[in-house]
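A quick write-up on the structure given underneath.
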Amino acid sequence: MNQPPLHRRRWLQLCAAASLAPHASAFAQASAKDTERPLVVAQLADMAPGQQDVSRDFLIGSRAAWQDLNARGGVQGRPVQHLVIEVPGTGAALQAAWRSVAGNPACIALSGCVGDAAAGALAALQEQAPPAQPLAHVAPWMHSQEGVNASDLVFGIFPDYEVQIAHALKTLASMGVQELGVVYATAAVRQQSQARVRQAAQTLQLRMQDLPLPGSGAQADRQLATPAQPMVLFVGGTPELHGFMRRLKLQPGRQCYIVALADVNLQVLAQMGAAKRNVSVIATQSVPLVTASLPIVRSYRDAMARLYDEPPSPQGLAGFIAARYTAEVLQSVNGPLTRASVLAAFRRRQDLNLGGFALAFDGRKRTHAYVTQSMLTADGRIVG
C-alpha cells in the first residue's frame, strides 16, 4: 500500500515532536495476496535539530526506493518491511534503538543509517559489542572513515570528508584561487576535519587561514562578519551555515563565495532565506546531479513524483541509492536470506552499476568516489 504524500511543513511538525523521544515506524508494502513473511531492513535516522534537514531528505529517498521496489515484486518475490527508527541524536536513544534492531531476529540488515555522527556511533557499537548474529551496516551517510575500512561490518558507498574536501579545494585551485578562509561550525567539527583540510590545501599549494569559531566572542564575530578572503570553506551543517551567512556584512561591491560539503542541504538553505546579494554557496554532492539523465536519477525523480509531494534533492537521491544498493545485493543472495548470508554477500564487495552510478571496490575500499558540486546563487537559484 502506498504511503500518502508527506509535505515538508507537516514533516517538520512531526520532527519537532520526534526530537523529544525516539519512535519507530514500519512500512510494509506487501500486496494483499502475498503470504510470504516480509524481509526486514532497518534504517536509523538522526532527527536532532542540526541534522534534521539532511536526515529527512535521505530518509524519504530511501522510503521511495523501498516502496517502488515492493510495487515491482520486492526482493526474490518477497516484500521488504522498511523499519525506520528516528532518534534525537547519538546518545542513549541511539544505543537503545541499536539494541532493539540487533535483537530483532527478523531484521537482516541495516541500510542507509543517517547522519554522520549517528552512523559513526552505530559502527562503533557494532565493533564494541557485536550481536551473536552480526548485521551488515550498509551505505551509511558517514563522512569519517577512520577505522571503517578495517571493519568487515560496514559497507560504505559515499565519499568521506577527506575526498569531499580534496575535491572542493581542487576545484578552487583550478579556478586560480590561491588563498581561502576556513570556518568550522563547532570545535568538534574543527577537531575532526582540520588536519584533512590542511593536508589538502598543502597538496594544492593553497594558502589557508582558519577563521574564529562562530560564537567565540565579539571580536571573533566581527572577523567572521567581514572575512578578508573572497573564498571561504565552511565545514558544518545547514543550520550553522545559515547562521554564518546571516551575520555576513560585506562592503558594497564585494563578492563572497562559500564552499560547503555534502551535509549542507541547499534547498533547505534557500527556503530558510539564506540567499544574500553578493554571496553564493557551492556545495559538494556525493551523488550525481538530480537533473542528470542517468537511469538511477530518472528512477528517483519518477518515484518522488509518484509517491511524494517533494522536489528532488541530492540527499534524497543518496537515500534512494543506498536502498537500491542494499536491494541489489539482497537480490544476489543464493539460498535463504539470513543475517549470515546477507553479510557474506556484502563482504564479497562485487562491482555494481546502479543505473549509471558505478560502484567498484579494491579489497574493502571503494576505488572511485563520486563527487560533484551544485550552487546556490546570490539570487536564490540552485544551479546544477
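Of the residues making up the stretch 359-383, those that are in contact (Cβ under 8 Å) with a residue 24 or more places away in the chain, among the small types (Gly, Ala, Ser) and farther than 19 Å from residue 168 by Cα are 378, 380. Taken together, the criteria place residue 204 among residues that are over 16 Å from residue 261 (Cα atoms) and outside the structural domain of residue 328 (by TED's automatic domain parsing).
Just one residue in the set 189, 183, 177 is in a loop (DSSP other than H, G, I, E, B), surrounded by 14 or more Cβ atoms within 10 Å (Cβ to Cβ) and β-branched (Val, Ile, Thr); that residue is 177.
Could you tell me whether any residue of the stretch 300-310 is basic (Lys, Arg) and out of contact with any strand residue (DSSP E or B) (no Cβ under 7 Å at 6 or more places or on another chain)? The answer is yes, given that some residue of the stretch 300-310 is basic (Lys, Arg) and out of contact with any strand residue (DSSP E or B) (no Cβ under 7 Å at 6 or more places or on another chain). Determine which member of the set 194, 205 is at pLDDT 90 or above, among the polar types (S, T, N, Q) and part of a helix (DSSP H, G or I). Step by step, each of 194, 205 is checked, and only 194 is at pLDDT 90 or above, among the polar types (S, T, N, Q) and part of a helix (DSSP H, G or I). Restricting attention to the stretch 294-312 and to residues that are in contact (Cβ under 8 Å) with a residue 12 or more places away in the chain and small (Gly, Ala, Ser), the residue that is nearest to residue 67 (Cα to Cα) turns out to be 303.
Just to verify a result, which residue in the stretch 37-74, among those that are part of a helix (DSSP H, G or I) and in contact with a Ser or Thr (Cβ under 6 Å, 6 or more places away or on another chain), is farthest from residue 108 (Cα to Cα)? Out of the qualifying residues, it is 53. Of the residues making up the stretch 228-243, one or more are of a type in the set (A, V, I, L, M), out of contact with any strand residue (DSSP E or B) (no Cβ under 6 Å at 6 or more places or on another chain) and not assigned by TED's automatic domain parsing to the domain that holds residue 53.
Taking the stretch 271-360 as the region of interest, the helices (runs of 4 or more DSSP H) fully inside it that hold 3 or more residues being assigned by TED's automatic domain parsing to the domain that holds residue 42 and closer than 30 Å to residue 245 by Cα are 314-332.
The values are calculated or read from the model by the stated rules, or taken from the named source; none is laboratory data. Because the structure is predicted, anything quoted here is derived from the model rather than measured. Cβ atoms come from the backbone with ideal geometry, glycine included; neighbour counts cover every protein chain shown.
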